[in-house]
Amino acid sequence: MICPKCGKDEAIRNGAGRCLCRACGKSSMVGPRRTDGEVSEAMQARQGWAPDHGITSPLPLGQKLRGTSTLIDKRTGEQVLQWVKSNEDAEEQHAVMQAAIEAMGERLPREKARRAPAVTNADLANVYVLTDYHLGMLAWGEETGADWDLSIAEDMLVNWFAAAMSQSPASETGIFAQLGDFLHWDGMDAVTPTSKHLLDADTRFQKLVRVAIRAIRRVIGMLLDKHSHVHVLMAEGNHDMASSIWLREWLRAIYEDEPRVTVDVSPDPYYCVEHGKTALFFHHGHKKRPAAIDTVFAAKFREVFGRTEHAYAHMGHMHHIDVKETNLMVVEQHRTLAAPDAHASRGGWMSGREACVITYSRRFGEVGRVRVSPKMLEAA
């Protein structure tokens, strides 16, 4: 049957006066079966057009009708004023974003295939773990202990990868494991997506997007010069839930002509890479904390977990080190390279700054690790 909320023919009655839509996942009260014409009228009313009921203010794309308040002249019964109340239509917003991603992906210039390095070690994979980078965040050193802005962040990202690659082995596989919150904010307003907390932001969102794409493409180019195969993981974070979507989709489009690059485009915020007998799992940490993450990974990637002998989970979100070995895997929470913002500094949430490149063997699990901090980059 037709879903009263999304209009798709995917709803199923449950016999108790309600229906559940397989398309949008929402349940609704249902009365008598509606005709296609009635469903069309309902969808138009949701967009602010129901002239038979005095509603004649079509809403812009991405908005839905929340309600109206109408002032009626007592003497004539005619409408004098009407206030139309709307809010964001989450389904429409998602559809618009997905359409924009697909359209822009079609026009993006593709990266040409590059020549692979002559010699690499087929047994090894280098995992470059980057988390909570907060590109676009603004921090004043006198207040927070260190300065941070777009220019500083872009330079440090490139310099860190150069230093990390120079100190790590020439493995066949390089994994760019960006574990979320790569961008400090997620749209035109510099606020957290869920709680709408005001953020200290450097410049405009369009410039932030431009710098993010430029920096990531530069890093992937560096990785291609060192590794035969580069796997890119742009995890969802709580600061960039929407931006992580277009980052994944655009990078896949850009590198579709480069067979040595693969991009994980999974919409689920839990990720996995199988490297021989070694299983590598990744999650930002905003949905599940380290204490309970091992069973989630084992359940979501049951086949990979069953085939492998060594298992490692990598997380971010809390900005400090926490390593624990459970019965199932080693769970590690990582530091960030980014400076603290005013909120963290004033709240007393302090931690060291660094990022690691970890080398894994197909047969033996972790076999090496290099830590590079901002102070090391300054001293180089």
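Numbers below:
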read-out	value
The stretch 173-204 - residue that is without any contact (Cβ under 8 Å) to a residue 24 or more places away in the chain and charged (D, E, K, R) and, of those, nearest to H286 (Cα to Cα)	K196
Total residues in the stretch 130-158, condition under 13 Å from S373 (Cα atoms) and part of a strand (DSSP E or B)	1
Residues that are buried (at least 19 other Cβ atoms within 10 Å of the Cβ) and part of a strand (DSSP E or B), drawn from the stretch 245-263	V261, V263
Candidates K288, K207, filtered to the one that is of a type in the set (D, E, K, R) and modelled with pLDDT of 95 or more	K288
Residues of the stretch 337-353 satisfying the condition of being within 12 Å of A139 (Cβ to Cβ) and either of a type in the set (A, V, I, L, M) or open to solvent by less than 20 Å² (accessible area, probe 1.4 Å) (or both)	A338, A339, A342, A344
Failed criterion for P267 (all others in (1) closer than 29 Å to T192 by Cα; (2) surrounded by 19 or more Cβ atoms within 10 Å (Cβ to Cβ); (3) not acidic (D, E) hold)	(2)
Considering residues of the stretch 191-244 that are in a helix (DSSP H, G or I) and among the charged types (D, E, K, R) only, the residue surrounded by the most Cβ atoms within 10 Å (Cβ to Cβ)	K226
Subset of the stretch 310-328 (residues that are more than 21 Å from E236 (Cβ to Cβ) and either open to solvent by less than 30 Å² (accessible area, probe 1.4 Å) or at pLDDT below 95 (or both))	A311
Tally of residues being out of contact with any Pro (no Cβ under 8 Å at 6 or more places or on another chain) and either modelled with pLDDT of 95 or more or among the aliphatic types (A, V, I, L, M) (or both) across the stretch 90-116	11
Exclusive hit being open to solvent by 10 Å² or more (accessible area, probe 1.4 Å), within 17 Å of F281 (Cα to Cα), touching a residue at least 40 places away in the same chain (Cβ under 8 Å) and not acidic (D, E), set R307, R362	R362
Flag if T295 is open to solvent by 30 Å² or more (accessible area, probe 1.4 Å) and of a type in the set (S, T, N, Q)	yes
Single unsatisfied condition, S243 versus (1) under 15 Å from the mean Cα position of the chain (by Cα); (2) without any contact (Cβ under 8 Å) to a residue 60 or more places away in the chain	(2)
First in the stretch 262-286 and farther than 15 Å from A313 by Cβ, second anywhere and acidic (D, E) and open to solvent by 10 Å² or more (accessible area, probe 1.4 Å), Cβ under 6 Å, 6 or more apart	K277/E309
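The values are calculated or read from the model by the stated rules, or taken from the named source; none is laboratory data. The structure presented is a predicted model; accordingly, all values stated were derived computationally and were not measured. Don't worry about glycine lacking a Cβ; one is built from the backbone with ideal geometry, like all the others, and counts go over all protein chains shown. Side chains are part of the model used for accessible areas, which takes the heavy atoms of the whole protein and leaves out ligands, DNA and RNA. Shrake-Rupley method; radii C 1.70, N 1.55, O 1.52, S 1.80 Å.
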